[in-house]
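Here's the structure we're looking at; comments come further down.
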Amino acid sequence: MSLRYAWSRELLEPPIHQPHWKNRLYSDFNKSDWYGMLASGRAIKRTIEEFPVAEQSLLDLDNILSLLVVPIFVIGEVGSTFWGWMALADCQQERCWSMQEESTLFTMAASISSALLRQQTEETIRYRALHDLLTDLPNRTLFNEQLSLAIPNASRQEKSLAVMFLDLDRFKTINDTLGHTVGDRLLQSVAGRLKNCLRLGDIVARWGGDEFTILLPQIEDNEDATRAAQRIQQALDSVFTFEGHDLYITSSIGIALLDETGGDTETLIKNADTALYYAKEQGRNCYQFYNASMSTKAPERLTLEKRLRQALEKEEFNLVYQPRVEVATGHILGTEALIRWQSPEMGAVSPGSFIPVAEESGLIVSIGEWTLREACRQNKLWQQAGLAPICVAVNLSPLQFRQPKLVEMVAQILKETELEPQYLELEVTETTAIQDIDFTRRVLQELEQMGVRLAIDDFGTGHSSLSRLQLLPLHNLKIDRSFIQELTENVKVAHIVTAVVTLGQSLGLSIIAEGVEKAEELEFLKSINCDAVQGFFFYHPLSVEAATEILRQNQAKMINS
Ligand code: C2E
Ligand code: MG
Ligand code: MG
């Protein structure tokens, strides 16, 4: 019993605080039967006479002559739990509690329980809003909040503080090669190790992806931060083991200190991030303090951007073509054009690393236009060389897709290259398509009217549903490689893929599985009537010469069959 209110006509002892009730177990009073009744939702409603003698003496301590007790329940995710009780006690007369008094008390208990529920829900919501679901660490918002409190605190005590930005080296490779499940488990374990190696009061948060931020709220000098960074890197040194995989990872850390950089939350984080890029550039697995001479844009990125600008003029790009194969016949239905960049200074740069830079800097618009023209030109060349006409698919980046002149540009290129529109397919990723579905529909409708074929790329990565995509005039749906990778190992994934194939086909779409590498994967896809596949099992992306040869062979095969 933690609260008691008394009211009376004349002044009444005993006092409010009753030590003999407070913070005691039911069993101390031999009160398990009370507990049983209340927990099962019933009230206790008696005059003193009706209680056993042992209990009467307890009630006597408070002069209680009649007692009415009702339970308080809190409804949670797992059903309702018995949370406590409330009671009316009459200390002046042996009272027969009326039905109305009982129901009033039950009503009061119910409103307390809904207030408790609301409080709990609010706490859960607040917790969720401030923590990362996967690792249970504070998220960006909470980190920023804590940092903005720590800055004036440190200044007041004439101390410094450090903000660290930590990024796991090559995490993407682990995710891509071993799948998201292993990637997620790795992030959870990293989170655990980070927490354990820090001191009380230090804060580690998940910033997003494989990035973590760390706040050391009070340090004396660089040395303190250096030691912490070393401790962190040591903590990640030993092997992580999941599902039979031994994983070794390293991390890069950028550090910004309060005194040197001065400033606010945002500046500190930005500076730590900049220092992180320098750490990465130094060959990873190291830490780097921020200093004012570092430019805010990462050096690696700046160089990349600069070189990318010249790459078009210098004709450093070329296209490779990956055939798309019909599952039922093994015939090639078309190819996807994929861009390659051969930089004289950096060698082959993968689209995964330069497309995002091209996208951010706007260069993608001209690069994309070049790609489209080149792919259409090549496809027409194949036709002119006497090969049966096939479709060439070209990827549109998000920014490209949002160009007001996109439709015009496509029409112009088709005219220029004299390729009939049905031999061009445009791929838009799911994420791009669902960003503004009305806009997407308008653009796709215009393209469709022109006669161009349309596909959703990387389906499954944007967390949309097929019913939303149903509104779009589409021909093909490409299931993302991440699903195919897990297809034969994860029953759940197999179910999802089966459902996507069935549902997609019922919406009139032709389904293409991306990244098929193994015979088992193909077998499974065949068994669920998936229409087509693209992947290393049949063909890697091929140079123009190799693709031409393969298309010739394919044609001969088709004629013979
Ligand atoms: P995407 O459009 O989903 O293209 C498929 C990617 O998967 C290609 O990577 C391809 O080489 C790879 N791939 C195909 N089969 C397999 C397989 O069996 N196993 C594995 N591990 N990978 C497979 P790539 O060429 O590196 O391109 C990556 C992404 O870069 C593309 O994904 C696309 O989003 C983008 N991209 C490539 N070329 C262009 C382009 O010309 N314009 C635009 N905007 N984006 C492009
Ligand atoms: Mg694609
Ligand atoms: Mg894809």
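Couple of notes before you dig in:
- Checking the Cα-Cα distances for K195/K478; K306/K405; K270/K492; K280/K518; K172/K380 against a 30 Å cut-off, the pairs over it are K195/K478; K270/K492; K280/K518; K172/K380.
- In region 402-474, the portion of solvent-accessible area held by carbon and sulfur atoms comes to 46 percent [1.4 Å probe, whole percent, DNA, RNA and ligands not counted].
- The amide H of R324, built 1.01 Å from its N in the peptide plane, has L333, G334, T335, E336 as neighbours under 5 Å, considering only residues 5 or more places off or on other chains.
- Dipole orientation for region 140-298: of the candidates V239, S293, C197, V239 has the Cα lying most toward the positive pole (charges on Cβ; Lys, Arg +1; Asp, Glu -1).
- Ranked by the mean number of other Cβ atoms within 10 Å of their residues, highest first, the peptides 346-353, 164-171 come out as 164-171, 346-353.
- Protein accessible area in region 140-298, 1.4 Å probe - carbon and sulfur %: 46
- Partners for K45 among lysines (Cα-Cα distance below 17 Å; same-chain residues under 8 apart left out): K31
- Positive-end ranking of Q378, H540, I559 along the dipole of the chain, with charges on Cβ about the Cα centre, is headed by I559.
- Contact order, relative form, for region 140-298: 28 percent (alpha carbon pairs under 8 Å, 6 or more residues apart, mean separation divided by residue count).
- 1.4 Å probe accessible area per residue over region 307-560, in Å²: 46
- Vicinal HN-Hα couplings computed from phi for region 386-395 (Karplus, 6.51 cos²θ - 1.76 cosθ + 1.60; Hz; Gly/Pro x): x, 7, 4, x, 10, 8, 10, 9, 10, 7
- With the biggest extent put first, the Cα atoms of region 140-298 measure 51, 33, 27 Å across the principal axes.
- Relative contact order of the chain, defined on C-alpha pairs under 8 angstrom at six or more residues apart (%): 8
- Cleavage-rule hits, trypsin sites (Lys or Arg not before Pro), region 172-236, DSSP coil, Cβ neighbours within 10 Å at most 15: R199
- Positive contributions from Lys and Arg (+1) and negative ones from Asp and Glu (-1), summed over other residues with Cβ under 13 Å from the Cβ of N139, come out at 0.
- Globularity ratio of region 307-560, using Cα Rg and 2.2 N^0.38 Å: 0.98
- Each residue of region 26-130 gets 121 Å³ once the volume of the Cα convex hull is shared out per residue.
- Projecting the Cα positions of C91, S103, A129 onto the charge dipole of region 26-130 (unit charges on Cβ atoms of Lys, Arg, Asp and Glu, taken about the Cα centre) puts A129 furthest along the positive direction.
- Near G183, once Lys and Arg are set to +1 and Asp and Glu to -1 for all other residues with Cβ below 11 Å from its Cβ, the sum equals -1.
- Here the dipole of region 427-480 is about 160 debye; that uses its Cα centre as origin and unit charges on the Cβ of Lys and Arg (positive) and Asp and Glu (negative).
- Seen from a random direction on average, the alpha-carbon convex hull of the chain projects onto 38.2 square nanometres.
- Value of relative contact order over region 307-560, rounded to a whole percent, pairs C-alpha under 8 Å and six or more apart: 20
- 1.4 Å probe accessible area per residue over region 140-298, in Å²: 47
The values are calculated or read from the model by the stated rules, or taken from the named source; none is laboratory data. Treat the numbers as computed from the prediction; the structure is a model and nothing was measured. In this analysis, Cβ positions are derived from the backbone assuming ideal geometry, glycine residues included, and neighbour counts consider all displayed protein chains. To get the accessible areas, we keep the full protein, side chains included, count just its heavy atoms, and leave off ligands, DNA and RNA. Shrake-Rupley method; radii C 1.70, N 1.55, O 1.52, S 1.80 Å.
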